[in-house]
Amino acid sequence: MKMKIVGSILSLIAIFSTTTPISATEGMWIPSMIKSLVSDDMAAMGMKISAEELYAINQSSVKDAVVHFNGGCTSVLVSDKGLLLTNHHCGYSRIQAHSSLENNYLKDGFWAANHDAELENPDMTATIIKEIRDVTSEILKDLPADATEVERAAMIKTQTEKIVAEATEGSHYSAYIRPFYYGNQFLLFINEEYKDIRLVGAPPSSIGKYGFDTDNWVWPRHTGDFSVFRIYADKDNKPAEYSEDNVPFKPNYHLPVSLDGVDENDFTLVYGFPGRTENYITGNNVEEVLEVINPLRLAMREASLGVIDKGMAGSELTKIQYAAKQSRISNAYKKWIGQSKGLIRHRAVAKKDSLENVFQDRVRDNEEWNEKYGSLLLEMSSLDVQLKPHNISRDYFIEFYYMGPEILRFSGGFNELVEMSKNKNVPDEEIEAWVKERLGKLGYFKNYDAQVDEDIMKAQIRHFLDGQPPLLFTIKLKDKKESLNEFVDRIYEETIFDDEAKLKDFLEGYKRNDYKKIEKDLAFAFSKRISDYYYDQTRPKMMNYVPTQDSLMRVWMSALMEVIPEKTYYPDANGTLRITFGKVEGYSPFDGADYLHYTTLEGVIAKEDPTNPEYNLPGKLKELYEEKDYGQYADESGEMRVCFIASNHTSGGNSGSPVFNDKGELIGLNFDRTWESTMSDIMFNPTICRNITVDIRYVLFIMDKFAGAGHLVEEMDLVKG
Ligand code: GLU
């Protein structure tokens, strides 16, 4: 399909900067653009520091202390020795990786007494953004007005490679370019990526994850969701792989930490890397999420969580092995439930529909718009109809292959060996090297329980196959009488991919022709059938629609800005650095109830339930509470505050984000949203959308008074008054 590029980029930028921002707190703003877009609004809400103090490239600024944590979460530098704070749930898989039955850091916490005791984390990154540059006109400068979507994509790719190469030439920086406003704008991010990140401290899960799944996404909340890492650099303060010779990184800027706490209506600013939002999708799209996508994901996860939770309740070892996996699965599971509730209760479909009606009415009344956009919404909804079965197929595939029984992905990884072995041009040495490398990765089994895995497959397989009707008929059941359960039994009886010893034996004696044995392995064969079906059938079909979808969304975005200019338009989250602003405020969750904006240690103690593992508490914390031994971390009335809520527009990826007060001092770490707020990934509602922050005073109190790690607090610049 050929779609004209509507309007010039310059006129769009003009729209971005003349749009009147709403006074509410919706929006995730690009730091390099806040000056022109929203700094007046932030100042009106109480911000006292300037846009330049938040983001600058020729001098140090707050942005230098905001660190992308392993590409998924956010973290913040709080000392001149590279000390990094993030959430407990962001450090969780690392804490888990260092845990064993003997040294159970998940359960008991971990505190390095000195630099030598800090723990190395292979393959981790911490990325600091050096500069954000608008490269829209460079990217699109040679694009003919009548270019097709395919030509456009090719041009973007070529220009991106060129600009990234130029921006990083002769330096140790890396760079990427991301589209904004659905491809109406392109920004270049130049980054410094650190690779030696060590674990410094973590509270026990009974503090860092207190309330576990029951409290996740819920307010009032009592979780001390933080962990502590440190960035190391080489002797020149440059990024380097792990080495004993590395030294603590000296950042350009680290944040002062406030002991003042917050009051209701105080200004709050969250600086971080929100992952993904879809605030401009249509009513039809929201309907699909509510009626099809969320229900199917929930059914798949309910099935696997039933198995994992039972396994973890029955064994300490399984509890350690599956802790991180369980959290990953249940976190999104619970989020989607809240999202659907919020979207339904706040009538998101009707609101989106009414916006589309306003759009359509205005377009109809304007000849020029009518010509450009008259059929836009119709084209979008016809595309939705065509895409829907493929979306369903894709989501079932993701839930089964990537989030379900691990044997599928694990055995699927051996396809590379099969292909290499079959290919006569691949020398034996290369195959030997591959096998050797794989033998070094058998640590995978440390966190694997074949029985749990088999039970997950049994619990999910029927749902999955129902979602992929043609695939069901191609599954080779032994004879027609074999049930799906028996089929799964057979997989795990026959396979070598669920047993470390068997697989090790097989790999150690591997000869080129043994690829046939892999091909015959039922787990491998099943995995391959599933992934081939997705990658050879579903995905290519979806890809055919991508150019049309891209162009429709791009035009929809710019058309909205043009036709309904009185609304504010911020770019959807895409894992890039953003600023959001808001204020400390409670909310009314339902008729007749009002929630306060903060919680206290008293509430932590009140929730304790020794019969429920989600609400166990360490004795030391109870002692500190009894003695009211809060030191300088108590509030003015002598209470220990734990968490607070505010109206910042945040998303996944904002986990671990620093929360600042009006003076740019650290007051907490963002870690969650209230349940119905999760609708904000699709539609922000200022009356109920609240982000949840752990009060920095609780973080410091736990480090200092609870864990005896006061030396870490001493590294920081504490400010009061
Ligand atoms: N707690 C959330 C998560 O783990 C992150 C923050 C959010 O989504 O608001 O995904």
Problem set entry | Selected residue (only one of Val292, Val307, Val363 is in contact with a Leu (Cβ under 9 Å, 6 or more places away or on another chain), of a type in the set (A, V, I, L, M, F, W, C) and assigned to a helix (DSSP H, G or I)) | Val363
Exercise. Do you know which residues across the stretch 510-551 are among the aromatic types (Phe, Trp, Tyr), assigned to a helix (DSSP H, G or I) and within 26 Å of Trp434 (Cβ to Cβ)?
Worked result: Tyr515, Phe524, Phe526, Tyr533, Tyr534, Tyr535
Seminar exercise, completed: Of the residues in the stretch 235-250 that are in contact (Cβ under 8 Å) with a residue 40 or more places away in the chain and of a type in the set (D, E, K, R), the one that is farthest from the ligand (Cβ to nearest atom) is Lys238
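Considering only residues that are farther than 13 Å from Leu408 by Cα and not basic (Lys, Arg), which ones fall in the stretch 519-534?
If the condition is that a residue be farther than 13 Å from Leu408 by Cα and not basic (Lys, Arg), then Glu519, Tyr533, Tyr534 are the ones that fit.
To keep it simple, each residue is scored yes or no on (1) closer than 22 Å to Gly586 by Cβ; (2) surrounded by fewer than 19 Cβ atoms within 10 Å (Cβ to Cβ).
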{"site": "Glu623", "(1), (2)": "no, yes"}
{"site": "Glu639", "(1), (2)": "yes, yes"}
{"site": "Val642", "(1), (2)": "yes, no"}
{"site": "Gly653", "(1), (2)": "no, no"}
{"site": "Val659", "(1), (2)": "yes, no"}
{"site": "Asp672", "(1), (2)": "yes, no"}
{"site": "Trp675", "(1), (2)": "yes, no"}
{"site": "Ile682", "(1), (2)": "no, no"}
{"site": "Arg690", "(1), (2)": "yes, no"}
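Listed here are the residues, each with its yes/no results for (1) over 25 Å from the mean Cα position of the chain (by Cα); (2) of a type in the set (A, V, I, L, M); (3) not in a helix (DSSP H, G or I).
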residue	(1), (2), (3)
Val358	yes, yes, no
Glu379	yes, no, no
Tyr396	no, no, no
Tyr401	no, no, no
Leu408	no, yes, no
Val418	yes, yes, no
Val426	yes, yes, yes
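Every residue, every condition in (1) at pLDDT below 95; (2) out of contact with any Pro (no Cβ under 9 Å at 6 or more places or on another chain); (3) crowded, with 18+ Cβ neighbours inside 10 Å; (4) over 24 Å from Ser327 (Cβ atoms), yes or no:
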position	(1), (2), (3), (4)
Val385	no, yes, no, yes
Tyr402	no, yes, no, no
Ile456	no, no, yes, no
Leu471	yes, yes, yes, yes
Ser483	yes, yes, no, yes
Phe487	yes, yes, yes, yes
Arg490	yes, yes, no, yes
Glu493	no, yes, no, yes
Asp499	no, yes, no, yes
Seminar exercise, completed: Checked Asn294, Asn357, Asn331 against criteria (within 16 Å of the ligand (Cβ to nearest atom), closer than 30 Å to Thr687 by Cα and modelled with pLDDT of 95 or more); the one match is Asn294
Exercise. So is Tyr210 among the aromatic types (Phe, Trp, Tyr) and more than 15 Å from the ligand (Cβ to nearest atom) or not?
Worked result: no
Seminar exercise, completed: So, first residue without any contact (Cβ under 8 Å) to a residue 24 or more places away in the chain in the stretch 213-234, second residue away from the ligand (no atom under 13 Å from the Cβ), Cβ within less than 7 Å, six or more apart or across chains; the pairs are Asp234/Ala240; Asp234/Asn246
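The values are calculated or read from the model by the stated rules, or taken from the named source; none is laboratory data. Keep in mind it's a predicted model, so treat the numbers as computed, not measured. Here the Cβ is made from the backbone with ideal geometry for all residues, glycine too, and neighbour counts use every protein chain on show.
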